[in-house]
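One structure below.
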Amino acid sequence: KLKISINKNKRFQFRIGNKTIGKEFILISGPCSVESKNMIVSFSKELKKVGIDALRGGAYKPCTFPIKKSVNGWKEGLKKKGLEYLLNAKEKSGLPIVSEVMDVRHLDFSLPYIDVIQIGTRNFQNYTLLDALGKVDKPVLLKRGTWGTIDEILGSAERILIGGNEKVIICLRGVVGMPSYRHIFPSIRWAPDLMMIPALKKFTNIPIIYDPSHSTGHRDFVVPISKAAMAAGADGLIVECHPDPPNSISDADQAITIETLEEIIRFVKSFSS
Ligand code: PEP
Ligand code: MN
């Protein structure tokens, strides 16, 4: 039995840029990583033009293996410089910024740069971080741990809520399982977790957004899984998009072009009308 105390009938709705999440469909997009000032600023303007609602970009990147050498200043992210470049992109594009905070010690100095605080799958049960987020007056995009059960997802969300921050978004991003794809598609590490969308909606009205990029791990599957997530009732999508996908500094195999993103945007429009 779930011990969750989140009020099932409560509607969680709050502003992200020009949209009200929980009421209007939200499309977040951008590169996996902030790679340079020029890249994120110019790309943010293109993304704004095609009609996304918020810009994603990692400044602090949780890489599976520790990276020893930096490439043009990028070593598991551009870190503080990356946050500054995101702020430049926000000034030029007008898009709100979604970016990951990996460590509670980075929270205070990151806040002025970020509009939606992304908590990555690896920190999904980092209770020190979740408790600190409860004291913040900004939306938190909580990614499901790759192992997270439904009670663990709701428990982590509740931890932020009881701290006093009711601006929580749950993000599903694929889970462990189905290694059978890897022989043909080596970048596929996770299995899409679409059924968790309606399952969570039985217990809460916290907005649920879907990440078709990490859950599929391969660009060929991003469009169909985006559509499936919408059909399953997702309140939004967070999609990795890059000006030159194969040369993306991180998660290159799952990055899509802006033209492919426009295919998703057309579907969002036809789906919601
Ligand atoms: C990301 O969004 O780039 C990311 C690292 O996601 P996750 O924490 O889901 O792996
Ligand atoms: Mn990524």
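The values are calculated or read from the model by the stated rules, or taken from the named source; none is laboratory data. The shown structure was predicted, so the numbers you read here are calculated from the model rather than taken from an experiment. As a convention, Cβ positions derive from the backbone with ideal geometry for all residues, glycine included, and neighbour counts pool all protein chains shown. Only protein heavy atoms, including side chains, enter the accessible area calculation; ligands, DNA and RNA are left aside. Shrake-Rupley method; radii C 1.70, N 1.55, O 1.52, S 1.80 Å.
Okay, here's what the table says:
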item: Leading residue by the ranking (nearest to ligand 1 (Cβ to nearest atom)) among those in region 31-41 that are touching a residue at least 12 places away in the same chain (Cβ under 8 Å) and assigned to a helix (DSSP H, G or I); result: ILE40
item: Count of residues meeting criterion [outside any loop (DSSP other than H, G, I, E, B) and more than 17 Å from ILE170 (Cβ to Cβ)] in region 1-18; result: 1
item: Qualifying residue in region 2-9 (condition: surrounded by 14 or more Cβ atoms within 10 Å (Cβ to Cβ), of a type outside the set (Asp, Glu) and under 17 Å from ASP115 (Cα atoms)); result: no
item: Filter result for the condition that a residue is open to solvent by less than 10 Å² (accessible area, probe 1.4 Å), of a type in the set (A, V, I, L, M, F, W, C) and in contact (Cβ under 8 Å) with a residue 60 or more places away in the chain, over ILE208, ILE264; result: ILE264
item: Looking only at region 111-143, and only at residues there that are touching a residue at least 40 places away in the same chain (Cβ under 8 Å) and open to solvent by less than 20 Å² (accessible area, probe 1.4 Å), the one that is farthest from ligand 1 (Cβ to nearest atom); result: PRO139
item: Filter result for the condition that a residue is at pLDDT 95 or above, at negative phi, within 15 Å of ligand 2 (Cβ to nearest atom) and not in a helix (DSSP H, G or I), over VAL222, VAL239; result: VAL239
item: Single residue of LYS79, LYS49, LYS69 found to be under 30 Å from LYS269 (Cα atoms), more than 14 Å from ligand 2 (Cβ to nearest atom) and either open to solvent by 30 Å² or more (accessible area, probe 1.4 Å) or under 16 Å from the mean Cα position of the chain (by Cα) (or both); result: LYS49
item: Residue tally, condition within 16 Å of ligand 1 (Cβ to nearest atom) and within 20 Å of PRO212 (Cα to Cα), over region 48-100; result: 14
item: Looking only at region 225-236, and only at residues there that are of a type outside the set (D, E, K, R) and in a loop (DSSP other than H, G, I, E, B), the one that is least open to solvent (accessible area, probe 1.4 Å); result: ALA234
item: From the options PRO186, PRO246, PRO198, residue that is surrounded by fewer than 24 Cβ atoms within 10 Å (Cβ to Cβ), away from ligand 1 (no atom under 16 Å from the Cβ) and part of a loop (DSSP other than H, G, I, E, B); result: PRO186
item: Subset of region 52-66 that is of a type in the set (A, V, I, L, M, F, W, C) and open to solvent by 30 Å² or more (accessible area, probe 1.4 Å) - its residue that is nearest to SER110 (Cα to Cα); result: CYS63
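Conditions tested, residue by residue: (1) assigned to a loop (DSSP other than H, G, I, E, B); (2) hydrophobic (A, V, I, L, M, F, W, C); (3) without any contact (Cβ under 8 Å) to a residue 12 or more places away in the chain.
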site	(1), (2), (3)
LYS45	no, no, no
LEU55	no, yes, no
TYR60	yes, no, no
THR64	yes, no, yes
ILE67	yes, yes, yes
GLU76	yes, no, no
TYR85	no, no, no
